[in-house]
Amino acid sequence: MLKIYNTLSKQKEEFVPINPSEVKMYVCGPTVYDLFHVGNARSFILADIVRRYLSYKGYKVKFVMNLTDVDDKIIKKSNEENIDTSAITSRYIKAFFNDIAELKIQPADVYPKATEHMQDIIEMIEKLEDEGFAYNVNGNVFYDVGKFPGYGKLSGKKIDELESGARVEVNEQKKNPLDFSLWKKAKGGEPSWQSRWGNGRPGWHIECSAMSCKHLGEYFDIHAGGNDLIFPHHENEIAQSVAANKKPFVKYWLHFGFLNINQEKMSKSLGNFFTARDVLKKYSAEAIRLFFSQAYYRGPLDFTYELLMSAAKGLEKFSNLLEILESEFKKNKNTGNIPVFDFEEYKQKFTDAMDDDFNTAQAVAVIFDFVRDVNRTIAENENIDSQFFKAVKNFLAETAEGVLGIISFNSAAKSLLGLEDDLINLLIDLRLKAKLEKNYKLSDEIRERLKELGIILKDTKEGTTFRKV
């Protein structure tokens, strides 16, 4: 039975979806005003692993991630560059999709944008005002936190203990410093939409409430995001959604720990960040995903290139086995010896680890143990039947590739083919050097040895080419 730590209850709970065969999951996506940093990448990758594992367990998963395309940061950037906000958001939405594809993050089923759900947002604010949870002050609409008795339950904060202005918007128009914006009166040079309160734009929190309910229903299974979103963002989402819909909002709340630089949270506001794109220039997506998978998702994680390099070196332990698998599949030998190997034991260990609140660190350890023992089995046995190698590939395809995304058989095959071509070209260069040094014996030996391997060289005026037979 899968158990998940629920931020709302502050304990691990057995995972029982609202609909037994389907899981509805919402993840807070990026505000599209810049490239996302590797701290954001941690949340996106971990959410991707959760989604993949739920599919592995047999659930049909509907996965929604919003794109915040109305925000103060977007407006600020558009003013700085003197271009329309839509040009800013289009640029960074495209960059976001490119970068998550590079990180091997499976695409969401829906990527709702705030600008495309304005009517849904306005209708939810109208509901809140009609029910007495919101008030209008000269075209600015605020949520009245004092009217919602459960406020603070997610974060564990108490209203009377929250300091005025701490992590909340300070505004003299509000009845209480903790009240937050649902609708902001239009200002010159800002995008705006018509409403019964006049022209304006929505606050950040209401966007997620309206879009998640639109695409997943008023009560759904999982809402996930970074720890920094617990308060006030997710706290405010609960207050809005429960008040508007008069029913529970989310059954399980998942939150991912911070990525730290020198013990300090990585963030754009602090300037201590690396973009995911920059990190991808130095390390593979598999290495990045392994780095994140080796730590508990709820806890903080220190980011260093040394640790990433260690993860990349860890992946080298797969290289020999992947090469053997590629070679054995070409042979397709079905009359050999099938070694005794308990694949089901490793599958159970992997499942047990992931069922324990997505314990990816333990799941990774199981996979490395599996690879070690498979390599030992291959070394100790001869004339192994292809069925064994197919079972090895199936296990890794389901777990290391399918759930964690820390290997890719397609990439491995391409990488091995590319390496093979590079080695052939290296031998061609050595043969040319031997001929220039009049070492014709070595030159002819290289040609003949390659021919024995099925590689035929052809000397032309433009140089030497090769073909495989």
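Any read-out appearing in this document is the output of simple, stated calculations on the displayed coordinates, not a laboratory observation. From a predicted model like this one, the values you see are computed outputs, not experimental measurements. For neighbour counting, all protein chains shown are included, and Cβ atoms are generated from backbone atoms with ideal geometry for every residue, glycine included.
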Computed over all unlike Cα pairs, the Kirkwood hydrodynamic radius of segment 181-236 in Å stands at 13.0 Å
Which order do the peptides 330-337, 216-223 take when ranked by the mean count of other beta-carbon atoms within 10 Å per residue, highest first?
216-223, 330-337
I'd like to know how segment 168-326 sits against the 2.2 N^0.38 Å rule of thumb: what's its Cα Rg over that expected value?
1.41
Label-to-label distance, nm, for residues given as Ser267 and Asn138 (7 Å Cα→Cβ offset):
3.0 nm
Take the Cα radius of gyration of segment 254-307 and divide it by 2.2 N^0.38 Å, with N its residue count; two decimals is plenty.
1.12
Most to least packed among 367-379, 31-43, 96-108, 288-300 [average Cβ atoms within 10 Å]
31-43, 288-300, 96-108, 367-379
Using per-residue counts of other Cβ atoms within 10 Å, averaged over each peptide, order 276-283, 434-441 from highest down.
276-283, 434-441
With θ set to phi - 60° and the Karplus curve 6.51 cos²θ - 1.76 cosθ + 1.60, what are the ³J(HN,Hα) couplings of segment 12-22 in order, to the nearest whole Hz, using x for Gly and Pro?
6, 10, 5, 7, 10, x, 4, 9, x, 9, 9
Kindly provide the Kirkwood hydrodynamic radius of segment 337-394 in Å, to one decimal, from all pairs of distinct alpha carbon atoms.
12.1 Å
Taking every alpha carbon pair in segment 272-370 and sorting the distances into 5 angstrom bins from 0 up to the bin holding the longest one, the percent per bin comes out as 2, 10, 16, 18, 18, 14, 10, 6, 3, 2, 0, 0
How high is the FRET efficiency between Lys60 and Glu323 when r is their beta carbon distance and R₀ equals 45 Å, given to the nearest 0.05?
0.80
Length released on extending from Glu116 to Asn334, taking residue separation times 0.36 nm less the Cα-Cα span:
72.8 nm
From the helices alone, meaning DSSP H stretches of at least four residues, give me the mean residue ellipticity at 222 nm for the chain, per-run term -39500 (n - 2.57), in deg cm²/dmol to the nearest 500.
-14500 deg cm²/dmol
Summarise the long-distance tail of P(r) for the chain by giving the % of C-alpha pairs beyond 39 Å.
36 percent
Out of all DSSP beta bridges with both ends in the chain, state the antiparallel percent to the nearest 5.
55 percent
Scaled to the compact-protein estimate 2.2 N^0.38 Å, what is the alpha-carbon radius of gyration of segment 4-123, rounded to two decimal places?
1.22
From the cross-link list Lys3/Lys127; Lys24/Lys104; Lys157/Lys349; Lys62/Lys246; Lys10/Lys247, which pairs have alpha carbons spaced over 28 Å apart?
Lys3/Lys127; Lys157/Lys349
